[in-house]
Structures are given as structure tokens and as C-alpha cells.
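Here's the structure we're looking at; comments come further down.
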């Protein structure tokens, strides 16, 4: 009989997710996790523990590898497996399996716990940044970046894969596009090795970036990718994106994700069209309630609060009168 309690403890399954464990996991997968425990074992050793045929064990281990339940290491002739954890697995389940089959209130509870776990994993690095110190590794979604900057990353990449955005799949607080997370080089190859993600050419990747931009998604990535290597380009919304939601709770705006540009607003050139108001995720552009007469029509006045700007550049991309331009502030 499957010991679900031991599995919850071993795999770190959150209490809010435990009622849905039988939806997320097959009993054989649970038994594999319990057989591995903290060890790193070959398929034949796992087969001996489980009393299972070697070929069946390998199929099970490979399925668990695809589903992020286990990682593997070593060469093809001597592969060894080790258990991941629930936090890692949930990324796959949310993106590729029946996440929407879980009732909305329970999804909200799991999403909240997922965000809390994410914050716990980044807050030490964020605290270092807030103290003016250097972090040993790049934080996820390190900086808000402009469209031409992320296109340069595409030009430099060898392997490119697009996957669903786990943040928007998890939160679902908006209806913006989901298949928008671009993984590059090592990250792309790792995804393909597990058997998921859709390969893109450089042309297709740039088309995806421009489409995401038009749909109102900001671009974030590691601004120091040339020194640290390529990893990923995220196309983000403020309502779902974990880094922006976490930054709001940690008070790290400007330092993480890093603000490298600010908008310069020329009110004299503004046509009051309101495009910037619609595209800004942070209400930096807004209607202040006043009315101006333009071409014989009453038009809502656009106002700008630079303190709310994250420098994502979405507003400038659709301004018809060039009243907006991005000013680089990264020293």
C-alpha cells in the first residue's frame, strides 16, 4: 500500500496541495521517490529495491525525469537518478498538465504558497542587492529590458525553445498570452532533453518577442548575459509574474528586477491618445480626471508619475507622436 504520508514528507508536498496529490502523481512515481529517498541510484539498483523489471524501471524513471520528479546525472551507460522536490515538480505540472482541473480557490492557495516559496529562495540575494552588495549568481528576471536588447540575445543564441509561462499559468490574473517564455542555449537544451518545449528559429523567436510586446508583455532577462551566459527571456505581466509580485512584497523595486531605463515624457508632444495608460502595468501613466478639448472633442488628460515607472519600454513602442523616449540610467 502506498505510504502517501511518507511521500509528502520526502518530496516536500505542501499541505494545500496534498488533497490533489493523487491527481498529480501516479502510485509508481510515489514508490520511486520513496525508494530513492536521499540517495542517488542507478536504474538497476532502483529495480532491485522495487522488485520491478529493469526495462519497466527505466521507463518509470524516464517519465519521472520528464515530469521533473527526478533529475539524472552521468553518462548514458551509467545514468543515476535523484529526487527533486515538490516546488521543482510543480513548474512542470502547472505548465503541461491538468492544473485547471484543480478548483480555482485551491489553485489560488497553491499559487500563494508557490509565491512564498519563490520569495524564500530569492530573498537572501535580494537583501544583498538592497544592501549594495554583489550577489554570487544572477537572480531570476534580473532586469527589465527593451525589445532591441532581448532581440540581441536571440541573435547570440544557438538553441532556442519556447515554453508556457509558469507564472501566468499559475496565477491566471490576466488573459495575456501564456506560451511566451523563451529558454536559450543550456536551458533550451535541458528542456529538449526532458522532451518538452517548442524549438524556435531566430526569426520565429524574434516574431514571438514582437508579438508578446504588442500584447502588452514586458521583457525581463539577465542584463549581464554577455558575461554570465544566456539563460532565458521572460515576457512578463505585473499581475502574475512572480519576480514583480515578490519585488512588491520585498520592497526591492529598482534593484530587483533592476530598472535600467526611465521614461522621459514630453507633454507638449502628447496627443492624449491614452495608449500609454492602457499599456503601463504600474499606472505610471494614468488619467487624472481632467478633460482637454482636442479637435473639438473632450479628451481625458494623460498624466505621468515617474516614481512608478519600471523602465520596461512598453509605452514608447506605441506612442504615435514620439512624446515618450527611454533614458538609460544604468551606470
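The values are calculated or read from the model by the stated rules, or taken from the named source; none is laboratory data. Remember, it's a predicted structure, so these values are computed and weren't measured experimentally. Virtual Cβ from ideal backbone geometry, glycine too; neighbours counted across all protein chains shown.
Residue 205 versus (1) under 20 Å from residue 170 (Cβ atoms); (2) buried (at least 18 other Cβ atoms within 10 Å of the Cβ); (3) in contact with a helix residue (DSSP H, G or I) (Cβ under 6 Å, 6 or more places away or on another chain): which is the lone unmet condition?
(1)
Can you tell me which residue among 53, 38, 59 is free of Cβ contacts under 8 Å to residues at least 40 places away in the same chain, surrounded by fewer than 18 Cβ atoms within 10 Å (Cβ to Cβ), over 17 Å from residue 97 (Cβ atoms) and under 31 Å from the mean Cα position of the chain (by Cα)?
On the way: 53 fails: under 31 Å from the mean Cα position of the chain (by Cα); 38 fails: free of Cβ contacts under 8 Å to residues at least 40 places away in the same chain.
After ruling out the rest, the residue left standing is 59.
So which residues in the stretch 68-84 are exposed (fewer than 15 other Cβ atoms within 10 Å of the Cβ) and not in a helix (DSSP H, G or I), if there are any at all? Explain how you work it out, then say what you get.
So the first thing to find is which residues in the stretch 68-84 are exposed (fewer than 15 other Cβ atoms within 10 Å of the Cβ), and the list is 73-78, 82.
Hits for the stretch 68-84 are 73, 74, 75, 82.
Quick check: is even one residue across the stretch 90-113 touching a residue at least 60 places away in the same chain (Cβ under 8 Å), under 24 Å from residue 201 (Cα atoms) and touching a strand residue (DSSP E or B) at 6+ places or on another chain (Cβ under 9 Å)?
Among the residues of the stretch 90-113, at least one is touching a residue at least 60 places away in the same chain (Cβ under 8 Å), under 24 Å from residue 201 (Cα atoms) and touching a strand residue (DSSP E or B) at 6+ places or on another chain (Cβ under 9 Å), which makes the answer yes.
Would you mind finding the one in 297, 308, 293 that is more than 17 Å from residue 213 (Cα to Cα), under 23 Å from the mean Cα position of the chain (by Cα) and outside the structural domain of residue 149 (by TED's automatic domain parsing)? Give the steps one after another, and end with the answer.
Working: 297 fails: under 23 Å from the mean Cα position of the chain (by Cα); 293 fails: under 23 Å from the mean Cα position of the chain (by Cα).
Going through 297, 308, 293 in turn, the sole match is 308.
Which residues, taken from the stretch 283-331, are within 23 Å of residue 220 (Cα to Cα) and in contact with a helix residue (DSSP H, G or I) (Cβ under 7 Å, 6 or more places away or on another chain)? First the steps, then the outcome.
Filtering the stretch 283-331 for residues within 23 Å of residue 220 (Cα to Cα) gives 283-285, 304-319, 324-331.
Within the stretch 283-331, 283, 284, 285, 313, 314, 315, 317, 318, 319, 324, 325, 326 qualify.
Return yes when residue 45 is at pLDDT 95 or above and farther than 24 Å from residue 193 by Cα and no when it is not. Steps first, please.
Numbers: at pLDDT 95 or above: yes; farther than 24 Å from residue 193 by Cα: no.
Judged against the criteria, residue 45 is not a match.
Would you confirm whether or not the stretch 21-28 contains a residue that is touching a strand residue (DSSP E or B) at 6+ places or on another chain (Cβ under 9 Å) and not assigned by TED's automatic domain parsing to the domain that holds residue 172? Spell out the reasoning first.
Kept after step one, since they are touching a strand residue (DSSP E or B) at 6+ places or on another chain (Cβ under 9 Å), are these residues of the stretch 21-28: none.
No - not one qualifying residue is present in the stretch 21-28.
Among the candidates 23, 16, single out the residue that is under 27 Å from the mean Cα position of the chain (by Cα), surrounded by fewer than 17 Cβ atoms within 10 Å (Cβ to Cβ), in contact (Cβ under 8 Å) with a residue 40 or more places away in the chain and in a loop (DSSP other than H, G, I, E, B). If you could, list the steps in order and put the result at the bottom.
On the way: 23 fails: in a loop (DSSP other than H, G, I, E, B).
Residue meeting the stated conditions: 16.
Can you list the helices (runs of 4 or more DSSP H) lying wholly within the stretch 116-232 that have 1 or more residues being without any contact (Cβ under 8 Å) to a residue 60 or more places away in the chain and over 21 Å from residue 99 (Cβ atoms)?
Result: 147-156, 186-194, 202-214, 225-228.
Consider only pairs whose beta carbons are under 7 Å apart and that are at least six residues apart or on different chains; among these, list those whose first residue lies in the stretch 305-331 and is at positive phi and whose second residue is assigned to a loop (DSSP other than H, G, I, E, B) and surrounded by 13 or more Cβ atoms within 10 Å (Cβ to Cβ).
311/259; 311/260; 313/146
State yes or no: is residue 185 buried (at least 16 other Cβ atoms within 10 Å of the Cβ) and either at pLDDT below 95 or on the phi > 0 side of the Ramachandran plot (or both)? Give the derivation first.
Details: buried (at least 16 other Cβ atoms within 10 Å of the Cβ): yes; either at pLDDT below 95 or on the phi > 0 side of the Ramachandran plot (or both): yes.
Yes.
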